[in-house]
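Novice: Below you will find the structure I want to go over with you.
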Amino acid sequence: MQKVPQTKRTNKYIIGIFLMASFLSVKAQNLVENPSFENSKKCSKKPGNFQKDVIGWHTPSDGSTDYYSDCSPEMSTNHNFIGRQQVYHGKAFAGFYMLGPDNYREYITGNLTETLVKGKHYKVSFMVSLADKAGLAVDEFQILFTEKLPKWSTKKNISIDYVNNSEEIKLLRGRAPSGYVNKIKWINVSASFTANGTEQYITLGNFKRDKRTRRKITGENLRKASYYYIDQVSVELDDKINLDEIYVIKDLLFTSDSFVINHEAKSQLTALVKHLKRNPSLNVTIYGHSDNEGDAAYNKLLSLNRAKSVGEFLLDNGLGFTRIKWQGYGSKIPLATNKSETGRLQNRRVEFVVSENKYSNYANTAFEEDKE
């Protein structure tokens, strides 16, 4: 008897993981409140008013983070005390020192609209541009997620490296080896991570001391400091296909005794083909399943035919034969109860695993023969 696989199960749906596909237009939800600083209590008229004026954002230390808006003559985005820049999105952006004399630092902390889900994969990103009068650039932005709203009574850097990846706190790094030196264009900073399940706030800045901060000189007769504008902060579910995880193909839920691929599933499978063609080093293994009604041997063959129909679709659409394998498990591995028609429908499914290996751990053989 074949051993029931122990591969980690991730019952994601293909329609959710291919957000990049052309036939899908739904954008992932940004979980940052007021992500581009558009909502404010008033128009800032002097530096250091970020926390007082911007809704949903805070300054977690005694540093004087700045808020710029098109509505302000004094704190205009287009002309201010440290330079000028076109807004990346909307009408406003923030600005703060990533590196200043004697370990001086500024930070920004934003509210998340919901607590992140433990074990889920997320991507954090934001846009930055070095200020015109800043004479130094850094090569790393640090991203801190916390359960509670942080508050430090200091104008200097906060040393938190030792708590990285604890249950209450998570510290990420977005790096550019050559440095974030661009003063004309906005540059993306991003990082992906798996949530602890406690994250409710995001803090951006530089938590390193001066001696540990790598910097690059960007011009003579400029401020001996690193000051950045920041805009469009985002935290979203990272719905990419993870390697060696099992995905259920949505809309490919068969009627009893059927292994015919319906029209809705074909558009989704086309997205899978495109993903695999963009990544020629990856392979796919397909698994067919059935409910428990009827003869076990027949269900095994039926589930194999369901997996085979998906494999042949991939072959017909240009994917190489050596990159595909399929197998049927009959009713051995139910996803839901077989005591209701709804549950049985969910069990009549096809799954897939994308892997760098030729054969995944889920299936023991490639192209199992069409027999019991």
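Novice: Test of understanding: among N188, N157, which residue is within 20 Å of F37 (Cβ to Cβ) and either aliphatic (A, V, I, L, M) or in contact (Cβ under 8 Å) with a residue 12 or more places away in the chain (or both)?
Specialist: N188 is the lone residue from the list that is within 20 Å of F37 (Cβ to Cβ) and either aliphatic (A, V, I, L, M) or in contact (Cβ under 8 Å) with a residue 12 or more places away in the chain (or both).
Novice: Considering only residues that are modelled with pLDDT under 95 and either of a type in the set (S, T, N, Q) or touching a His at 6+ places or on another chain (Cβ under 8 Å) (or both), which ones fall in region 219-230?
Specialist: N221 - this is the single residue of region 219-230 that is modelled with pLDDT under 95 and either of a type in the set (S, T, N, Q) or touching a His at 6+ places or on another chain (Cβ under 8 Å) (or both).
Novice: Residues being more than 17 Å from V248 (Cα to Cα) and in contact (Cβ under 8 Å) with a residue 60 or more places away in the chain: count how many of those fall in region 300-324.
Specialist: 2
Novice: Does region 291-331 hold any residues that are open to solvent by 20 Å² or more (accessible area, probe 1.4 Å) and among the β-branched types (V, I, T), and which are they?
Specialist: The answer is T322, and nothing else.
Novice: In this structure, does A225 turn out to be without any contact (Cβ under 8 Å) to a residue 40 or more places away in the chain, touching a Leu at 6+ places or on another chain (Cβ under 7 Å) and farther than 28 Å from K118 by Cα?
Specialist: Criteria not met by A225.
Novice: Does any residue of region 289-302 turn out to be under 24 Å from the mean Cα position of the chain (by Cα) and more than 30 Å from L31 (Cα to Cα)?
Specialist: no
Novice: Oh, and also: Being modelled with pLDDT of 95 or more and more than 31 Å from the chain's Cα centre (by Cα) is true for just one of M98, M1, M75. Which residue is that?
Specialist: M75
Novice: Still on this model: Considering only residues that are crowded, with 17+ Cβ neighbours inside 10 Å and either more than 27 Å from H89 (Cβ to Cβ) or under 16 Å from the mean Cα position of the chain (by Cα) (or both), which ones fall in region 192-221?
Specialist: If the condition is that a residue be crowded, with 17+ Cβ neighbours inside 10 Å and either more than 27 Å from H89 (Cβ to Cβ) or under 16 Å from the mean Cα position of the chain (by Cα) (or both), then F193, A195, N196, T198, E199, I202, K208, T213, R215 are the ones that fit.
Novice: Does any residue in region 325-348 that is at pLDDT 90 or above and hydrophobic (A, V, I, L, M, F, W, C) come within less than 8 Å, Cβ to Cβ, of a residue that is open to solvent by 40 Å² or more (accessible area, probe 1.4 Å) and not in a helix (DSSP H, G or I) six or more places away or on a different chain, and which pairs are these?
Specialist: If the second residue must be open to solvent by 40 Å² or more (accessible area, probe 1.4 Å) and not in a helix (DSSP H, G or I), the pairs left are W326/F367.
Novice: Looking at this structure, is G100 of a type in the set (G, A, S) and more than 15 Å from V181 (Cα to Cα)?
Specialist: So G100 fits the description; yes.
Novice: Quick one: in region 84-110, of everything that is within 18 Å of Q51 (Cβ to Cβ) and of a type in the set (S, T, Y), which residue is most open to solvent (accessible area, probe 1.4 Å)?
Specialist: Y104
Novice: Can you confirm whether E38 is under 30 Å from the mean Cα position of the chain (by Cα), open to solvent by 10 Å² or more (accessible area, probe 1.4 Å) and over 18 Å from I187 (Cα atoms)?
Specialist: yes
Novice: Could you tell me whether D66 is acidic (D, E), surrounded by 16 or more Cβ atoms within 10 Å (Cβ to Cβ) and without any contact (Cβ under 8 Å) to a residue 60 or more places away in the chain?
Specialist: yes
Novice: Looking at region 277-294 only, could you name the residues that are in a loop (DSSP other than H, G, I, E, B), over 16 Å from N357 (Cα atoms) and without any contact (Cβ under 8 Å) to a residue 60 or more places away in the chain?
Specialist: S290, D291, N292, E293, G294 - these are the residues of region 277-294 that are in a loop (DSSP other than H, G, I, E, B), over 16 Å from N357 (Cα atoms) and without any contact (Cβ under 8 Å) to a residue 60 or more places away in the chain.
Novice: Looking only at region 254-263, decide whether some residue is in a helix (DSSP H, G or I), without any contact (Cβ under 8 Å) to a residue 24 or more places away in the chain, closer than 13 Å to F313 by Cβ and more than 25 Å from the chain's Cα centre (by Cα).
Specialist: The answer is yes, given that some residue of region 254-263 is in a helix (DSSP H, G or I), without any contact (Cβ under 8 Å) to a residue 24 or more places away in the chain, closer than 13 Å to F313 by Cβ and more than 25 Å from the chain's Cα centre (by Cα).
Novice: Which of the residues spanning region 123-159 are open to solvent by less than 60 Å² (accessible area, probe 1.4 Å) and farther than 16 Å from I108 by Cα?
Specialist: Correct list: L130, A131, D132, A134, G135, L136, A137, V138, D139.
Novice: Are any of the residues in region 243-252 at pLDDT below 80, assigned to a loop (DSSP other than H, G, I, E, B), under 20 Å from the mean Cα position of the chain (by Cα) and on the phi < 0 side of the Ramachandran plot?
Specialist: Checked region 243-252: at least one residue is at pLDDT below 80, assigned to a loop (DSSP other than H, G, I, E, B), under 20 Å from the mean Cα position of the chain (by Cα) and on the phi < 0 side of the Ramachandran plot.
Novice: Among the residues of region 76-113, how many are in a loop (DSSP other than H, G, I, E, B) and more than 22 Å from N39 (Cα to Cα)?
Specialist: Residues flagged as in a loop (DSSP other than H, G, I, E, B) and more than 22 Å from N39 (Cα to Cα) within region 76-113 amount to 3.
The values are calculated or read from the model by the stated rules, or taken from the named source; none is laboratory data. All figures in this text were calculated on a predicted structure; none of them were measured in a lab. Using ideal geometry, Cβ is built from the backbone for each residue, glycine included, and neighbour counts are taken over all protein chains shown. Calculation scope for accessible area: heavy atoms of the full protein, side chains included, ligands and nucleic acids excluded. Shrake-Rupley method; radii C 1.70, N 1.55, O 1.52, S 1.80 Å.
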